């Protein structure tokens, strides 16, 4: 038999679990209360009986058996709640409020017993009450029994137990209905999310979960889901764009390569010309295609993995210093002033190799576009947000505001840079590396226009703070 | 040098064989991992070139097997898988170098020769000598014709690598990998600039240049 849906929800199961725990605690409390109240009543009665017994034994020691007898008669008249029985040495009743002792053993140390007494209630019915009693042998051999009716105590305890049972039932009922209500509430919150998941499963990547603004865990989940879908949608769009771009970026050099080989082959067939030059050019073309292909592959693998492989904790300034050392002579050779500024004691978690490549790509670009007499600056610092920022600022022509978003996309090269070498994948790879580290790439204007120079470009690779 | 080529792509193996034979080496070919294992067990080789992905027994398993059997012949892995993790896996299996397909032939030759050389100079040296050039690895000093040459730490490492592979072509990629320990292709000529700085220090003012540029391949230090 399948349970109704509500009984299968996690909140309901949790409710039942908590109810079981709470129920056990309530049972333990009940047991404690029982012991505390019922036990306490018995103890109090026993104390009173003992005190009465001491008082009567004291009277015997002072004035003999007649004084005791006298006391019993007086006390019976004063309607004390005690039950008495005084017997002589031969266990014959001398006086008292009960006929015979419930204790069968008459010699030896004082003996306690529980028994019941018969009483007549206000309606004239005969009722039995529970009672406690103590029997002692007096120094003269007479036997004295003092008891008390504990009927009222017992009734009090029974009331408490009854009340606790009621409370227990109430706990179960309230707990269960609370669980059902909570399950309904949570199920309603989940339903929206489940709907989105179903929609996406059916191919609607534009579906988004509603964020109610309550900032609870459901909102967090909805936000996370939406962010994930954003990324997925972007990635899908990226793949589609990549398909077109690969077709464009690989097809044209391959076409050129094919044409070159075909021409060379025809020339050889016609017996004219030396194919060496054509072959050398064909090799160069092939290398270009392979480079583009390698970059596309790296980007695709990074994006597919969604995270940088083998992340390690390291000092970002150390990596920057390493890369500076590699590029500084190149800048000097080109007549570019190279400066570096690194903050100390920073930490970043990431794949050193990929980050090195990203920095190298940024610097490659900067060197490529900065004219002689210009300057390049590499900085590493911690932002006030705690993020780690690598930035490269150059004094080249920069990238117009409206194109900045586009240059980090795959394969984009701006019109005016067509004649520069490079597959146009440099910054796309940097962006992919940044994203794989949970960071981002930011492009800004450089130091501004100074004479022929500038306005320059500032490329910032921003990584999240190391946890 | 005796070279074992274990490669299931017969055309690629043929091209390698031809190229290596032309440069004066003797090649033995095996078309899959099992044949490669038999050949490696039977013959004596200076270097093995092993494709990573092959039918029957793949390159990594093959090298793990011969390494377990105590064979220390230097191994160059060839692979279409070029990611950091792939390379690390290849080197952990017992490979000595890793070349990603497709490769320039000059790169392959340079690496094969570098591997064979490494074996010859396996013992710990404290002094390197190439022609007039002397490098004290403990004192971290370099002299040419008795004249001390002042080098930056990286220039020292670069020269050390060139001296350990004197007479051989070393490619830019090899230098970036072995001296800087980076495994990517820079789009600019960073390595050339470092080499030209080193060249101006060791060759300037001497009658004969030692650090040569090899067209289409890289650089070579001649004694």
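Which pairs do you get when a residue that is within 14 Å of chain A (Cβ to nearest Cβ), found in region B:82-95, comes within reach of a residue that is assigned to a loop (DSSP other than H, G, I, E, B) and surrounded by fewer than 17 Cβ atoms within 10 Å (Cβ to Cβ), reach meaning Cβ atoms under 6 angstrom, with the pair 6+ apart or on two chains?
B:85/A:309
So residue A:139 fits all but one of (1) touching a residue at least 24 places away in the same chain (Cβ under 8 Å); (2) outside the structural domain of residue A:23 (by TED's automatic domain parsing); (3) over 27 Å from the mean Cα position of the chain (by Cα); what number is the exception?
Failing condition for residue A:139: (2).
Could you tell me which of the residues A:159, A:128 is within 26 Å of residue A:102 (Cβ to Cβ) and loosely packed, with under 13 Cβ neighbours inside 10 Å? Working first, answer last.
On the way: A:159 fails: within 26 Å of residue A:102 (Cβ to Cβ).
Testing whether each residue is within 26 Å of residue A:102 (Cβ to Cβ) and loosely packed, with under 13 Cβ neighbours inside 10 Å leaves just A:128.
Looking at this structure, is residue A:154 modelled with pLDDT of 85 or more, surrounded by fewer than 17 Cβ atoms within 10 Å (Cβ to Cβ) and either farther than 30 Å from residue A:93 by Cα or more than 43 Å from the chain's Cα centre (by Cα) (or both)?
Spelling it out, it is not the case that residue A:154 is modelled with pLDDT of 85 or more, surrounded by fewer than 17 Cβ atoms within 10 Å (Cβ to Cβ) and either farther than 30 Å from residue A:93 by Cα or more than 43 Å from the chain's Cα centre (by Cα) (or both).
List pairs: first in region A:164-179 and in contact (Cβ under 8 Å) with a residue 12 or more places away in the chain and not assigned by TED's automatic domain parsing to the domain that holds residue A:31, second surrounded by fewer than 11 Cβ atoms within 10 Å (Cβ to Cβ) and in a helix (DSSP H, G or I), Cβ under 7 Å, 6+ apart or cross-chain?
Going by the 7 Å Cβ cut-off, there are no qualifying pairs.
What residue, of B:23, B:38, is away from chain A (no Cβ under 14 Å) and within 21 Å of the chain's Cα centre (by Cα)?
B:23 is the lone residue from the list that is away from chain A (no Cβ under 14 Å) and within 21 Å of the chain's Cα centre (by Cα).
Give me the pairs, please: first residue somewhere in region A:327-343 and on the phi > 0 side of the Ramachandran plot and within 14 Å of another protein chain (Cβ to nearest Cβ), second residue anywhere and assigned to a loop (DSSP other than H, G, I, E, B) and buried (at least 16 other Cβ atoms within 10 Å of the Cβ), beta-carbon distance under 9 Å, and either six or more positions apart or on two chains.
Sorted first by the residue in region A:327-343, then by its partner, the pairs are A:335/A:374.
Any idea which of B:106, B:116 is in contact with a strand residue (DSSP E or B) (Cβ under 9 Å, 6 or more places away or on another chain), over 30 Å from residue A:320 (Cα atoms) and within 14 Å of chain A (Cβ to nearest Cβ)?
The conditions single out B:106.
Take region A:34-43 and flag every residue that is at pLDDT 75 or above and surrounded by 13 or more Cβ atoms within 10 Å (Cβ to Cβ).
Listed by number, the residues that qualify are A:41, A:42.
Across region A:190-242, what is the number of residues that are within 21 Å of residue A:305 (Cβ to Cβ), in a helix (DSSP H, G or I) and modelled with pLDDT under 85?
Final tally of qualifying residues: 12.
Spot the failing condition for residue A:252; the list is (1) in a strand (DSSP E or B); (2) assigned by TED's automatic domain parsing to the domain that holds residue A:231, and only one is missed.
It is condition (1) that residue A:252 fails.
Take residue A:357 and tell me if it is within 13 Å of another protein chain (Cβ to nearest Cβ) and buried (at least 20 other Cβ atoms within 10 Å of the Cβ).
For residue A:357, the condition - within 13 Å of another protein chain (Cβ to nearest Cβ) and buried (at least 20 other Cβ atoms within 10 Å of the Cβ) - is met.
Take the residues of region A:313-326 that are in a helix (DSSP H, G or I) and away from every other protein chain (no Cβ under 12 Å): which is surrounded by the fewest Cβ atoms within 10 Å (Cβ to Cβ)?
A:318
Would you pick out the residues in region A:294-312 that are at the interface with chain B (Cβ under 9 Å from one of its Cβ atoms) and surrounded by fewer than 15 Cβ atoms within 10 Å (Cβ to Cβ)?
A:297, A:310, listed by residue number.
May I ask you to say which residue of A:274, A:267 is more than 11 Å from every other protein chain (Cβ to nearest Cβ), part of a helix (DSSP H, G or I) and without any contact (Cβ under 8 Å) to a residue 60 or more places away in the chain?
A:267
Looking at (1) part of a helix (DSSP H, G or I); (2) more than 30 Å from residue A:175 (Cβ to Cβ), find the lone condition where residue A:86 falls short.
It fails just one condition, (1).
Which residues, counting only those in region A:89-115, are surrounded by 14 or more Cβ atoms within 10 Å (Cβ to Cβ) and part of a strand (DSSP E or B)?
Answer for region A:89-115, where residues must be surrounded by 14 or more Cβ atoms within 10 Å (Cβ to Cβ) and part of a strand (DSSP E or B): A:93, A:94, A:95, A:96, A:111, A:113, A:115.
Identify the single condition in (1) surrounded by fewer than 21 Cβ atoms within 10 Å (Cβ to Cβ); (2) out of contact with any helix residue (DSSP H, G or I) (no Cβ under 6 Å at 6 or more places or on another chain); (3) part of a helix (DSSP H, G or I); (4) more than 10 Å from chain B (Cβ to nearest Cβ) that residue A:291 does not satisfy, given that it satisfies every other one.
(4)
Restricting to region A:344-354, and then to whatever is crowded, with 18+ Cβ neighbours inside 10 Å and touching a helix residue (DSSP H, G or I) at 6+ places or on another chain (Cβ under 8 Å), can you tell me which residue is nearest to the other protein chains (Cβ to nearest Cβ)?
Filtering first and then ranking leaves A:353.
The values are calculated or read from the model by the stated rules, or taken from the named source; none is laboratory data. It should be emphasised that the depicted structure is a prediction, and the values quoted were computed from it without experimental measurement. As a convention, Cβ positions derive from the backbone with ideal geometry for all residues, glycine included, and neighbour counts pool all protein chains shown.
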